Amino acid sequence: MDYGQAAPLDRIETVVPLTFSEARDAVIQTVRAARQAPAVEEIGLEGAGGRVLAEDIAADRDSPAVARSVRDGYAVRAIDLPGELQVIGEVRAGERFGGQVGPGQAVEIMTGAPVPEGADAVVMVEYSKRANDLVRIDGSAEPHQFINPQGCEAAAHETVLHSGKRLDYADIAMLAAFGRGQVKVYRQPAVAIIATGDEIVEVEQLPEEFQIRNSNARSLAAQVARAGGTPQLLPVARDTVEHTREMIERGLAADLLLLSGGVSAGKYDVVEEVLAGLGAEFFFDRVLIQPGQPLVFGRARGKFFFGLPGNPASTMVTFEIFARAALELLAGQEEIGLHMPLARLTREFHHRIGLTRFLPARLSADGGAVTPVEWHGSGDIPALTRANAYLVADADRAEYPRGELIRVLPK
């Protein structure tokens, strides 16, 4: 399927709905083909976690820089074992032994210490018996045991991190180990967030019984920030073409636009009409999932947008499985994945085939078991807070017995 060709505006309503995997592929392929490299900035390591690397990083020296012990014990010549050896000194991490290990000799050595010249093995202290300056080792040793050779982790000038990698804590450690106190990263994309609907009031307001507070914009802002974007919350777009157009035009100044609500087939759902009037290209407007079927993805004035369904679970799920991928690509990230491991159901589960369903669930602490959470539809925020994952039911499978493996999407 060619995802690069947008549907003509007069045919958007006839576009065939996509499956979950088709829609996700469409987002990734379309954004990857059209994106441009973001601006680059240089920052300190203290702020680099979670940012996307904008340069290749090479080791400035061998790692380790010298052969070192990976155990506390004795540096020896393997050929001398088993036997009784004379202990001629000690070496610890941060020091170098000045002499050389000769026949029948050993040096007491600590984890991380450089291996003395002449030694070719380390014997763990647990397998030795020390008496004054003599140590008895009854077992044999293999050459190079418990020794990390020079450069075995990384060679000098070897590329150890590539541009486009989102930096995690291990990457920060490696940058520090190779002397990089400053690093070039891509600027975080600005993401405009617009909730739509006359029924929405601000969080601080006391709503009438027919009104709801603007929770979607706040949850999306948290999801955007977690995914590496900079959220920009705009005023609620009211259910008129004029006001919705004004808000959307403001939102298209950002790198990515997220709209919540107004994309169904109701009389006052005007988001698609407004976008079409702005010359938008629509790549799809319906996906065979629950929650989140009426999902719009397109581009207007050179900026990608998502029209997310307005119910809270629909908004949250569709961001995670579709809009997050677009945001990560716009941030310069190269590897785009969706972590959906398998877990065993603690009770039987069934659903109607035809839709891929993402339903609230509790994943066990070890990640091995999953239990569906009782909920009352995609507006049930309390159920979403009780869940720490979504159970992912395949569109072509109706029954899952207790103990069956099923995919989950951790929150």
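What follows is calculated from the coordinates using simple rules that are stated; it is not laboratory data. Fair warning: this is a prediction, and the values are worked out from it, not measured in the lab. Glycine gets a Cβ as well: all are built from the backbone with ideal geometry, and neighbour counts include every protein chain shown.
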Revision key, fill the gap. Non-local residues with an amide H under 5 Å from the amide H of residue 198, with H modelled 1.01 Å from N and Pro and chain starts lacking one, are 239
**Study point:** Of (1) 155; (2) 200; (3) 184, the label for volume of the Cα convex hull per residue in Å³ derived from the coordinates
**Key:** (2)
Study note, to complete from the structure: Surrounding charge for residue 392, neighbours by C-beta under 12 angstrom, Lys/Arg +1, Asp/Glu -1, total +1
Exercise for review: Mind listing the long-range amide H neighbours of residue 404? Cut-off is under 5 Å, sequence gap 5 or more, other chains count too, H placed in the peptide plane at 1.01 Å from N.
Suggested key: 345
Check your understanding: Rounded, prolate or oblate: which fits the stretch 144-262 when a ≥ b ≥ c are the square roots of the eigenvalues of the alpha-carbon gyration tensor, with rounded for a/c under 1.5 and prolate only if a/b beats b/c?
Key -> prolate
Check your understanding: For residue 205 and residue 111, FRET efficiency with R0 = 56 Å and r from the beta-carbon atoms, rounded to 0.05?
Key -> 0.40
Review point. Counting Lys and Arg as +1 and Asp and Glu as -1, each charge on the Cβ, what is the dipole of the chain about the Cα centre in debye, to the nearest 20?
Key: 280
Review point. What is the list of residues in the stretch 364-380 whose amide nitrogen lies under 16 Å from a point 7 angstrom out from the Cα of residue 386, following Cα to Cβ?
Key: 364, 370-380
Revision key, fill the gap. Net charge near residue 340 (other residues with Cβ under 14 Å of its Cβ; Lys, Arg +1; Asp, Glu -1) is +3
Review point. Where does each of 305, 178 land when they are ranked from fewest to most other beta-carbon atoms within 10 angstrom?
Key: 178, 305
Point to revise | Karplus 3J(HN,Hα) series, Hz, for the stretch 239-251 with 6.51 cos²θ - 1.76 cosθ + 1.60 (x for Gly, Pro) | key: 7, 10, 4, 5, 6, 4, 5, 4, 5, 5, 4, 5, x
Review point. Pulled fully out, how much extra length does the chain show between residue 352 and residue 249, if you take 0.36 nm times their separation in residues and subtract their Cα-Cα distance?
Key: 33.1 nm
Practice item. With θ set to phi - 60°, apply the Karplus curve 6.51 cos²θ - 1.76 cosθ + 1.60 along the stretch 38-53 and write out the HN-Hα couplings as whole Hz, x wherever there is a Gly or Pro. Key: x, 5, 10, 9, 10, 9, x, 4, 5, x, 8, x, x, 8, 9, 5
Point to revise | Beta bridges by DSSP in the stretch 267-385, antiparallel share as percent, to the nearest 5 | key: 75
Check your understanding: residue 394 to residue 79: FRET efficiency via 1/(1 + (r/R0)^6), r the Cβ-Cβ distance, R0 56 Å, to the nearest 0.05?
Key -> 0.40
**Study point:** Cα centroid of the stretch 291-344 to Cα centroid of the stretch 184-232, whole Å
**Key:** 15
Check your understanding: How do 219-229, 89-99 rank on mean C-beta neighbours within 10 Å, highest first?
Key -> 219-229, 89-99
**Study point:** Gyration tensor verdict on the stretch 342-410 (Cα atoms; rounded if a/c is under 1.5, prolate if a/b is larger than b/c, oblate otherwise)
**Key:** oblate
Check your understanding: If you take the square roots of the eigenvalues of the alpha-carbon gyration tensor of the stretch 68-148 and sort them as a ≥ b ≥ c, do you get rounded (a/c under 1.5), prolate (a/b over b/c) or oblate?
Key -> rounded
Review point. Rounded to the nearest 5, what % of the DSSP beta bridges within the stretch 68-148 are antiparallel ones?
Key: 75
Practice item. Springs between alpha-carbon atoms under 10 Å, Gaussian network over the chain: tell me which of 253, 190, 65 tops the mean-square fluctuations. Key: 65
**Study point:** DSSP bridge pairs, the chain: antiparallel proportion in percent, nearest 5
**Key:** 65
Review point. In the stretch 345-391, which trypsin sites (Lys or Arg not before Pro) fall in coil by DSSP and have 14 or fewer other Cβ atoms within 10 Å?
Key: 347, 352
Review point. If amide H atoms are built 1.01 Å from N in the plane of the peptide, which residues on other chains or at least 5 residues away come under 5 Å of the amide H of residue 411?
Key: 389, 390
Check your understanding: Between residue 21 and residue 131, 0.36 nm times their residue separation minus their Cα-Cα distance comes to what?
Key -> 32.8 nm
Check your understanding: Once phi is turned into θ = phi - 60°, what whole-Hz ³J(HN,Hα) does the Karplus curve with 6.51, -1.76 and 1.60 give for every residue of the stretch 210-218, x standing for Gly and Pro?
Key -> 9, 10, 9, 7, 7, 7, 4, 4, 6
Check your understanding: Around residue 71, what is the net charge, scoring Lys/Arg as +1 and Asp/Glu as -1 over all other residues with Cβ under 15 Å from its Cβ?
Key -> -4
Practice item. Quick one: order 46, 246 by neighbouring beta-carbon count within 10 Å, fewest to most. Key: 46, 246
Check your understanding: If the label point is 7 Å along Cα→Cβ of residue 37, which residues in the stretch 312-349 have backbone nitrogen under 13 Å from it?
Key -> 332-333
Practice item. Compare 158, 199, 142 in a GNM of the chain, Cα atoms joined below 10 Å, and give the one with the largest fluctuation. Key: 142
**Study point:** Full-stretch length increase - residue 95, residue 411 - with 0.36 nm per residue and alpha-carbon distance subtracted
**Key:** 109.1 nm
